[in-house]
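Worksheet for the structure shown next.
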Amino acid sequence: MENTLYDFGMIGIGVMGSNFLLNMADNGYKVIGFDLDATKAKKLEDEATPGTTVKGVVTLEEMVKQLDKPRRIMMLVPAGKPVDNVIENLLPFIEKDDVIIDGGNSHYVDTLKRVNYLNGKGIHFMGMGVSGGEEGARKGPSIMPGGDLAAWQRVQPMLEAVSAKVNGEPCVAYMGKGAAGHYVKMVHNGIEYAIMQLISEVYDLLKRGIGLDNDELADIFKKWNEDELQSFLIEITSEIFLKNDGDTKARLVDVISDKAGSKGTGKWTSQDAMELPVAVPTIDIAVAMRTLSGFKNERIAAAELYHPKNKDLKGGKKEDILKIKDALYFATIICYAQGLSMLYNASTELNMDIPLGDVVKIWRGGCIIRSALLEDFYKAFKKDKALSNILLSKHTSKLLKKKEKHIRAVIKLAMQSKIPVAGLMSALSYFDAYCTERMPTNLIQAQRDYFGAHTYARIDKEGMFHTEWNEEVVQADHAHAQTENPKH
Ligand code: 6PG
């Protein structure tokens, strides 16, 4: 096929990249992939479905030359410097109007710089989140493109074809201006971290608190996946408990080290939430617990020092399992609420115009956080496009009210049993604070003014005020209005 012109090119044909391309080829597109490693280029061709047009090459120039113009090139390479290197290597070969897509997990700040840099050269650059792992890439991922609108329009039919579908609707949509695609993917991962943390706490409660074995755990998660908790993460968790280890014949999950890894997207979500600012405490806790898991030696020393005797949970087994299920459901809703509220605020604050209804729509399928709950949120956003927090939707309130009693009970039991449930606790406390008309933060304002003259607002009159707190007689008229620098 010497004179074939290809529709789409991929830089980086590891498993994700090649699966994405093969998916595209199965949908009738002619695709070409580049990798310096000739075995990967060959493997790509070998794995193609018979009758599809797939080519692997080992130089960038070869790939670019064989692409139909304006070219559509995607890269799936590690975030950071590798992305900049690929862009610089590509620039001598590409032309004005070509489209470049970064489909990796790049930080949105980098993406924004690249959008502007390439825009200046007439190149359409799009940061695009892709979720669903290796299998998702092959069978239908959730795709979060954002930025250059012209770039999106050029690739829209292709991305719609390869994406996952829910009720016939593709799990891809334009996520907004600038670096919105990567921003939405970052928050997706923040929610992913938080839900994974909750599931690990629930695992601890069921295993150490109730004493369930792996078969029972698998069974419970399987059942949970059959109704309201249905989700990809619950589904894979049930399968994980059944996997045997080839070496030891034990269950694999029991021989895996408890030090959790991370590539940084959860941390970015927390950092950027603080930057905005918006409160995402369950995501923060999820990041912190992965970090704490790495302090293995200190944890061993502390365990020797404090001898924490874990007691069994005290309720009946069946009742406790039901309560734990409800607690997980409640807290999972809170994780989505925190992430979506972050997107709501970032949308205006960072000028991205993120369509939240479309975000939940395309998260319903293909991605790691897909779940039955997203269908509920999709309906909520259909009713109210400007919903600042899904906790404010009547429907969500009904879902939460049914489970509230049980999450409180589970946290109480966990405390008595010395089983850490920081994620569940943070989710409930976020909920409690969010539903509090008058928080105790008036006292913080008073303290700030006391030691730093930072001023405070009053509930009875406009303006900012400062008080000399040390003066002996503190009367209302000692407080005086201070309007200068009210933000201090
Ligand atoms: C996805 C995943 C994917 C990946 C993350 C998580 O949506 O397909 O989120 O992007 O698994 O890199 O990584 P860490 O847990 O290693 O940070």
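The values are calculated or read from the model by the stated rules, or taken from the named source; none is laboratory data. Given the structure is predicted, the values throughout are model-derived calculations rather than measurements. Note that each Cβ is placed from the backbone with ideal geometry, even for glycine, and that neighbours are counted across all protein chains shown. Only protein heavy atoms, including side chains, enter the accessible area calculation; ligands, DNA and RNA are left aside. Shrake-Rupley method; radii C 1.70, N 1.55, O 1.52, S 1.80 Å.
With N denoting the number of residues in segment 329-488, provide Rg(C-alpha) divided by 2.2 N^0.38 Å, to two decimal places. Don't skip to the end; give the middle numbers.
Working: Rg = 21.1 Å, N = 160, 2.2 N^0.38 = 15.1 Å.
Cα-based Rg divided by the globular estimate yields 1.39.
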| Rg/Rh (Cα only; Kirkwood hydrodynamic radius) as it applies to segment 185-434 | 0.97
| Around Lys55, which amide H atoms from residues at least 5 apart in sequence, or from another chain, sit under 5 Å from its own amide H, with H modelled in the peptide plane? | Val31, Ile32, Gly33
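Give me the net charge for the shell around Val172: Cβ to Cβ below 13 angstrom, other residues only, Lys and Arg +1, Asp and Glu -1.
Working: positive: Lys165, Lys185, Lys361, Arg364; negative: Glu160, Glu169, Asp358.
The answer is +1.
Can you give the alpha-carbon Rg of segment 47-92 over 2.2 N^0.38 Å, where N counts its residues? Could the numbers behind the result be given before it?
On the way: Rg = 12.7 Å, N = 46, 2.2 N^0.38 = 9.4 Å.
Relative to the rule-of-thumb radius for its length, segment 47-92 sits at 1.35.
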| request: Name the long-range amide H neighbours of Phe125: under 5 Å, sequence gap of 5 or more, or other chain; modelled H, no Pro or chain starts. | output: Ile100, Asp148
| request: Take the alpha carbon gyration tensor of segment 163-233, find the square roots of its eigenvalues, order them as a ≥ b ≥ c, and report rounded if a/c is under 1.5; if not, report prolate when a/b exceeds b/c, else oblate. | output: oblate
| With every protein chain left in place, what is the accessible area of Ser388 in Å² (1.4 Å probe, nearest 10)? | 40 Å²
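Among residues other than Trp363 whose Cβ falls under 13 Å from its Cβ, what is the net charge (Lys/Arg +1, Asp/Glu -1)?
Details: positive: Lys185, Lys361, Arg364, Arg370; negative: Glu169, Glu192, Asp358, Glu375, Asp376.
Taking every other residue near Trp363 into account, the sum is -1.
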| request: Find how many whole Å separate the alpha carbon centroid of segment 1-73 from the alpha carbon centroid of segment 137-154. | output: 18 Å
| Fully extended contour minus Cα-Cα distance, from Leu149 to Lys243, at 0.36 nm per residue | 29.4 nm
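Rounded to the nearest whole Å², what accessible area per residue is found for segment 198-299 with the 1.4 Å probe?
54 Å²
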| remark: For segment 159-295, the Cα-Cα pair-distance distribution in 10 Å bins from 0, as whole percents, is 10, 30, 33, 21, 5, 0
| said: Using a Förster radius of 25 Å, what is the FRET efficiency between Thr348 and His395 based on their Cβ-Cβ separation? Nearest 0.05, please. | reply: 0.55
| message | Would segment 216-268 count as rounded, prolate or oblate if I go by the C-alpha gyration tensor, calling it rounded below 1.5 in a/c and otherwise prolate when a/b exceeds b/c, oblate otherwise? | response | oblate
| query | Restricting the count to DSSP beta bridges whose residues both fall in the chain, what percent are antiparallel, rounded to a multiple of 5? | reply | 40 percent
| 25 °C / 0.890 mPa s Stokes-Einstein diffusion coefficient of the chain, Kirkwood radius on C-alpha pairs, µm²/s | 98 µm²/s
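Counting only protein heavy atoms, what percent of the accessible surface of segment 2-174 is carbon or sulfur at a 1.4 Å probe?
Roughly 51 percent of what the probe reaches on segment 2-174 is carbon or sulfur.
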| For segment 177-256 and segment 91-131, what is the separation of their C-alpha centers, rounded to whole Å? | 34 Å
| message | If you count only protein heavy atoms with a 1.4 Å probe, what accessible area per residue comes out for segment 2-174, rounded to a whole Å²? | response | 41 Å²
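Any number yet on Rg/Rh for segment 2-174, C-alpha, Kirkwood? If you can, show how the numbers build up before the last one.
On the way: Rg = 14.6 Å, Rh = 15.8 Å.
Checking Rg against Rh, the ratio lands at 0.93.
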| request: Compute the distance in nm between two label points, each set 7 Å from the Cα along the Cα-to-Cβ direction, one at Ile236 and one at Asn89. | output: 2.8 nm
| task | Run the numbers on segment 185-434 and let me know its relative contact order in percent, using alpha-carbon pairs under 8 Å that are six or more apart. | result | 29 percent
| query | Classify segment 272-405: rounded, prolate or oblate, from the alpha-carbon gyration tensor (a ≥ b ≥ c, eigenvalue square roots; a/c under 1.5 rounded; otherwise prolate if a/b is larger than b/c)? | reply | oblate
| remark: Counting only DSSP beta bridges fully inside segment 73-180, the antiparallel percentage to nearest 5 is 50 percent
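What helices does the chain hold that run 30 Å or longer along their axis, going by alpha-carbon atoms, with a Kyte-Doolittle average of 0.0 or more, using DSSP H for the helix calls? Walk me through the numbers on the way to the answer.
Values: long enough: 180-204 (36 Å, 0.16); 317-349 (48 Å, 0.11); 394-417 (34 Å, -0.72).
Helices passing the filter in the chain: 180-204, 317-349.
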